[in-house]
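**Q** One structure coming up, written as structure tokens, with questions to follow.
Nothing in this text is a laboratory measurement; each read-out follows from the coordinates by a stated rule. Quantities reported herein were computed from a predicted structural model and do not represent experimental measurements. Here the Cβ positions follow ideal geometry from the backbone for every residue, glycine too, while neighbour counts run over all protein chains shown.
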Amino acid sequence: MARIAILVVLFALVSVLLVPSTVALLAGERLPAPSVELPPTPGAPPGGWPGVGPAGSGGGEAGLPAAGAEPSTPLQPGGPAGAAQLPGEQTLVTVYDEEAHRLLQMPLETYVEGVVAAEMPAGFAPAALQAQAVAARTFAVARLVAGAASCPLQPRADFCSDGEHGQAWASPAQRQRFWGVLAPVYEAKIRQAVEATAGQILLWQGRPIEAFYTASAGGRTASAKEVFGLDLPYLPSLPSPDADRPAGLGVTRLPLAKAAQKLGLGAGDLQAGAPAADGGSNAQPALAVIARTPSGRAAEVRVGDRTVSGEQFRQLLGLPSTLIESIGVQDGNLVVQTRGYGHGVGLSQYGAGAMARQGYSAEAILAYYYPGTRIAHLPPGPV
Ligand SMILES: [Zn+2]
């Protein structure tokens, strides 16, 4: 059991180390948005879910962080059942600021403000920021309850600023630098989102949930089971109104020689075997998705005469996600089209942004992405 848990954590750590480097829009080549069943929600507009909107309309405002520094290190599964001893709303946490090399102490709510600022564009609608605040607070509290320090650089810290060690956190100085003249507006907006949800966390069977979130699920979220091997009923695969956000199809282009090198293939292997991007294909392409997960993500990819996992393939090529739409060759480049951004588990930030613009409340967004959970308040006080 311990070995499995370690493998899961290692896998998750490795999975966040690769940031996609060559993502671009392919204009005019979009798949139809999936049809999505609407939950009956007060405040929903007639017609329900948004359809295909302009790419990036959920965010992307100048000077704002791109959504997507998602947490993806699960706690070890199999904790004790029953209610957890929750920290108080005013509890103090220690945060290691890796930019300033300083160990800081601050109230939990102040920490949550820095996480929301770092993890979601402040231009998103208030309900989306509120949902993000609850998810971020829940993710943090679950780690406090587990006593799981997450930063390898500073074991004394409860949390750190590096999204690869947990959730990203932006210091007030970083926010000022990042937002420039808009800083007062965005600071107020994020503070309001955190205050509107002060002390709120998500519980399942009396315990804080593993509140994973992702930048964009590309039209359908992945279950925790298919990505992390964790059987968590509140993290199923769900339709998500983010098929075209933040940017429709992600297109990763790599010169064939470079791609072959990254994949451990010979220089001519891709040219000889890969299917043509215009739809033609050879009988035995060097690269092909040969098995998919229930949400449509690549589970196994053939690479020459080997088979690698979809996650390994994503890492080798630096793809935004394992939701691979096509693999082809065009103008001397390997071209891989993907949908979504990130591991796809839990709340989709761009999906939450779309729901918020359609009038859904933070509660409705959270109830949709984390079904079966309930919102609870941390006990008042410092402990
Ligand atoms: Zn760290």
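**Q** Answer with one residue from Pro155, Pro236, Tyr186: the one whose Cα lies farthest towards the positive end of the charge dipole of the stretch 137-261, charges on Cβ with Lys, Arg +1 and Asp, Glu -1.
**A** Final value for the positive-end residue is Tyr186.
**Q** Continuing with this model, one more query. So how much slack lies between Ile290 and Ala376, counting 0.36 nm per residue of separation and subtracting their Cα-Cα distance, in nm?
**A** Full-extension gain reported as 26.6 nm.
**Q** What order do you get for His377, His343, His101 when you list them from fewest to most C-beta neighbours inside 10 Å? Intermediate results must be reported in sequence, preceding the final value.
**A** Numbers: His377 12, His343 28, His101 9.
In increasing order of surrounding Cβ atoms, one gets His101, His377, His343.
**Q** Would you mind getting me the FRET efficiency between Thr110 and Asp331? Use the beta-carbon distance for r and R0 = 45 Å, nearest 0.05.
**A** Calculated transfer efficiency: 0.35.
**Q** While we're looking at this one, here's another question. Report the one residue of Val329, Gly310, Leu270 whose Cα lies farthest in the direction of the positive end of the charge dipole of the stretch 249-339 (charges on C-beta: Lys and Arg +1, Asp and Glu -1; origin at the Cα centre).
**A** Going by the charge dipole, the pick is Gly310.
**Q** Under 16 Å Cα to Cα from Lys262, which aspartates and glutamates show up? Leave out anything in the same chain fewer than 8 places away.
**A** Asp305, Glu311
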